[in-house]
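The values are calculated or read from the model by the stated rules, or taken from the named source; none is laboratory data. All of these numbers come straight from a predicted model, not from anything done at the bench. Ideal geometry is used to build each Cβ from the backbone, glycine not excepted, and the neighbour counts take in all protein chains shown. For the accessible areas, the whole protein counts, side chains as well, though only heavy atoms, and no ligand, DNA or RNA atoms are used. Shrake-Rupley method; radii C 1.70, N 1.55, O 1.52, S 1.80 Å.
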Amino acid sequence: MLMSDFLMEDLEEVFAALRLFRHRGWEVVILHLVDPDEERLARGAAYRFEGMEDDGRVNCSPAEIRAAYRERFAAHLAMVRQLAMAGACDYRRISTAIPYLQTLGGFLIERAG
């Protein structure tokens with residue numbers, strides 16, 4: 001089971017490793033963690049975006065970048081799902097706004113069928 005937001009440079013490298021697990025007969029469950037503020041880009045007057053590893057800073061207004069941000073974030077979500085499905089992994093996108101016990105409980109009930 002892999003839980004991640006998948007906000008990384010090289011998604012293909014991660015999914016290549018997961019394909020190895022699948023090739024060896026392991027079941028792979030991917031829980032894609034998504035924060036609601038990342039998905040919809042919260043409103044506000046101004047933001048400073050900082051890179052995770054000294055990647056620099058960008059000061060801007062959310063209104064200036066909202067459309068481009070939504071488009072790129074939607075593409076990111078679609079890419080993660082596509083890579084998971086292509087690798088025959090069990091994929092679930094989950095919101096960090098929902099308590100984790102509720103999310104895992106629902107997932108386990110669904111899997112128990």
Across (1) closer than 28 Å to Ala16 by Cβ; (2) open to solvent by 40 Å² or more (accessible area, probe 1.4 Å); (3) not charged (D, E, K, R), Ala97 clears everything bar (1)
Of (1) open to solvent by 70 Å² or more (accessible area, probe 1.4 Å); (2) within 19 Å of Asp5 (Cβ to Cβ); (3) not in a helix (DSSP H, G or I), Arg48 fails just (2)
### Query
Does the range 21-31 contain any residue that is part of a loop (DSSP other than H, G, I, E, B), at pLDDT 95 or above and surrounded by 14 or more Cβ atoms within 10 Å (Cβ to Cβ)?
yes
Taking the range 32-45 and the residues there that are farther than 28 Å from Tyr91 by Cβ and open to solvent by 60 Å² or more (accessible area, probe 1.4 Å), the one that is farthest from the chain's Cα centre (by Cα) would be Ala45
Cβ pairs under 7 Å, 6+ apart or interchain, first in the range 60-71 and more than 15 Å from Asp37 (Cβ to Cβ), second open to solvent by 50 Å² or more (accessible area, probe 1.4 Å) and not β-branched (Val, Ile, Thr), ordered by first then second residue, are Cys60/Tyr47; Ser61/Ala45; Ser61/Ala46
Within the range 63-92, residues being surrounded by 15 or more Cβ atoms within 10 Å (Cβ to Cβ) and touching a Leu at 6+ places or on another chain (Cβ under 7 Å) number 6
With criteria (1) of a type in the set (A, V, I, L, M, F, W, C); (2) farther than 26 Å from Leu101 by Cα; (3) open to solvent by 80 Å² or more (accessible area, probe 1.4 Å), Met3 comes up short on (2)
